[in-house]
Amino acid sequence: GVRAQYAPVVAELRQESAWRVREAVAAQMAVFATLFAPRELREVVAPACAALCRDAVQTVRAAAFTGLAALFVRADLLDEVEEPALRTFLEAELRRLQEGTFHDRALLARVCGAYLSSSPVSSSSGRRAEMLGLLDGLARDRTPNVRLAAATALAGLEAGERVQVSVWPLLVSDPDYDVRYAATGVFVPFSERKAARTAKLASAPIATAV
């Protein structure tokens, strides 16, 4: 179709040296996921989006995750027999993020959240269960930033679906304040948090040299 002629432009712009151009392309990836035909998605848009999710500039990566989520939503609507390559590519990208740095894992949590927010809850696809399972694991991550991203994603879900994630009660009482706030929405002023920490330290037993 006519749109196919613009696919090479997407691939070219995602390699621009100016990060603001790459950010602008990343921000449009969710739109591209709905406009291009399956072939262009598989050969151009999905690889470009994956590359932007690995960009050296954080704001570019942050703009690209909604595009990756939108590609999963679009892949769910395509014929699985006709377009297995797109699904294979996207699933490999999920594994790469899961096995990557804590930045990758935090991005994965945002991808899961964006997918769950934009795909129908009534969808027969097993993808929702997969994304919820990933969030459950990410919410247990050793890095607070990853747990924060997972808590933010889970907080955006309907309460009935959120309670399916067994780790949710742990996020509500997470040792990191930002994670707790993302999970509960309860704001505690810094002065109160500081006073609580001071009181906790004051009540702690003092170790004595033997």
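The values are calculated or read from the model by the stated rules, or taken from the named source; none is laboratory data. Since the model is a prediction, treat every value here as computed from it, not as a measurement. Counting neighbours? That spans all protein chains shown, and the Cβs are built from the backbone with ideal geometry, glycine included. When the accessible area is computed, the model is the full protein with side chains, heavy atoms only, and any ligands, DNA or RNA have been set aside. Shrake-Rupley method; radii C 1.70, N 1.55, O 1.52, S 1.80 Å.
Just to confirm a number: summing +1 for Lys and Arg and -1 for Asp and Glu over residues other than Gly100 whose beta-carbon lies under 13 angstrom from that of Gly100, what do you get?
+1
For region 10-63, what ratio Rg/Rh do Cα atoms give with a Kirkwood hydrodynamic radius?
Over the Cα atoms of region 10-63, Rg/Rh equals 0.95.
Just the accessible area per residue of region 36-107, please: how many Å² with a 1.4 Å probe?
Heavy-atom accessible area per residue stands at 44 Å².
Relative contact order, percent, of region 18-74 when contacts are C-alpha pairs under 8 Å separated by at least 6 residues?
Value for region 18-74: 51 percent.
Roughly how many percent of the accessible protein surface of region 6-132 is carbon and sulfur, given a 1.4 Å probe and a whole-percent answer?
Percent of accessible area from carbon and sulfur atoms in region 6-132: 55.
With a sphere of radius 12 Å drawn around the Cβ of Val44, what net charge do the other residues whose Cβ falls strictly inside it have (Lys, Arg +1; Asp, Glu -1)?
+1
Relative contact order of region 1-145: what whole-number percent is it, with Cα pairs under 8 angstrom and at least 6 residues apart?
Value for region 1-145: 21 percent.
Relative contact order for region 131-184 using alpha-carbon pairs under 8 Å, separation at least 6, rounded to a whole percent?
The normalised contact order for region 131-184 reaches 37 percent.
Determine the dipole magnitude for region 1-109: charges of +1 sit on the beta-carbon of Lys and Arg, -1 on that of Asp and Glu, nothing else is charged, the reference point is the Cα centre, and the result goes in debye to the nearest 20.
The dipole of region 1-109 has a size of about 320 debye.
Need one word for region 99-154: rounded, prolate or oblate. Basis is the Cα gyration tensor (sqrt eigenvalues a ≥ b ≥ c); a/c below 1.5 gives rounded, then a/b vs b/c decides.
Note, shape of region 99-154 comes out prolate.
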